[in-house]
1. For the stretch 51-89, enumerate the residues that are within 18 Å of S107 (Cα to Cα) and acidic (D, E).
2. Across the stretch 48-57, which residue is most open to solvent (accessible area, probe 1.4 Å) among those that are in a helix (DSSP H, G or I) and of a type outside the set (K, R)?
3. Could you please give the count of residues in the stretch 69-81 that are in contact (Cβ under 8 Å) with a residue 24 or more places away in the chain and open to solvent by 50 Å² or more (accessible area, probe 1.4 Å)?
4. Within the stretch 90-99, is there a residue that is part of a helix (DSSP H, G or I) and in contact with a His (Cβ under 7 Å, 6 or more places away or on another chain)?
5. Can you go through A60, A44, A28 and tell me which one is surrounded by fewer than 18 Cβ atoms within 10 Å (Cβ to Cβ), among the small types (G, A, S), within 26 Å of L98 (Cβ to Cβ) and within 12 Å of the chain's Cα centre (by Cα)?
Amino acid sequence: MPRTQFGAKVTPDGRPVVTLTIIGICVAVWLLQQVSPQLTDRLAFVPMLGKTEPWRFLTAAFAHSPGNLLHILFNMYALWILGQYLEPMLGRVRFAALYLVSALGGSVSFLLLASPPVSVAALNNN
């Protein structure tokens, strides 16, 4: 079976299934946020809650600003443009892993840059 330069199997249809799935999840979450505004507070990453609610490191990647239609439109457009290029090149599993690692990395970066900075010693004492 032919492979891309990154080792992914070349799919016959070339459809970016993972990209479309992520877009579908994000749009569904955004619509749920419109119906239930408190959902945003339960999904958003809050540095102070990272230790007790670790799922927020990932759920923040699927939640978008409920009051701003342009936010979800631009993000899904960017995901579509990049996803239809990267997913066939990397493969579905690697692309999904890249998305999830990027989501975690974004939350961890936000945690590290949050003010006031928290020392590792202070985290270990709690």
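1. E53
2. Step one: list which residues in the stretch 48-57 are in a helix (DSSP H, G or I), which gives 48-49, 56-57.
Keeping just the survivors that are of a type outside the set (K, R) gives 48-49, 57.
On the way: M48: 172, L49: 57, F57: 35 Å².
Looking at the filtered set, the residue picked out is M48.
3. Applying the first criterion (in contact (Cβ under 8 Å) with a residue 24 or more places away in the chain) to the stretch 69-81 yields 72, 75-76, 79-80.
Narrowing further to those that are open to solvent by 50 Å² or more (accessible area, probe 1.4 Å): 75, 80.
Looking only at that region, the number is 2.
4. As a first pass, look at the stretch 90-99 and keep what is part of a helix (DSSP H, G or I): 90, 92-99.
Next cut, in contact with a His (Cβ under 7 Å, 6 or more places away or on another chain) only: none.
The answer is no, given that none of the residues of the stretch 90-99 is part of a helix (DSSP H, G or I) and in contact with a His (Cβ under 7 Å, 6 or more places away or on another chain).
5. Working: A60 fails: surrounded by fewer than 18 Cβ atoms within 10 Å (Cβ to Cβ); A28 fails: within 12 Å of the chain's Cα centre (by Cα).
Answer to the check: A44.
Residue by residue, here is whether (1) polar (S, T, N, Q); (2) at pLDDT 90 or above; (3) not in a loop (DSSP other than H, G, I, E, B) holds:
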| site | (1), (2), (3) |
| --- | --- |
| M1 | no, no, no |
| F6 | no, no, no |
| V27 | no, yes, yes |
| D41 | no, no, yes |
| F62 | no, yes, no |
| I72 | no, yes, yes |
| E87 | no, no, yes |
| S102 | yes, yes, yes |
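The values are calculated or read from the model by the stated rules, or taken from the named source; none is laboratory data. Worth saying up front: this structure is predicted, and the values here are computed from it rather than measured. No Cβ is skipped: glycine too gets one built from the backbone with ideal geometry, and neighbour counts run over all protein chains shown. SASA here: full protein model, heavy atoms, side chains in, ligands and nucleic acids out. Shrake-Rupley method; radii C 1.70, N 1.55, O 1.52, S 1.80 Å.
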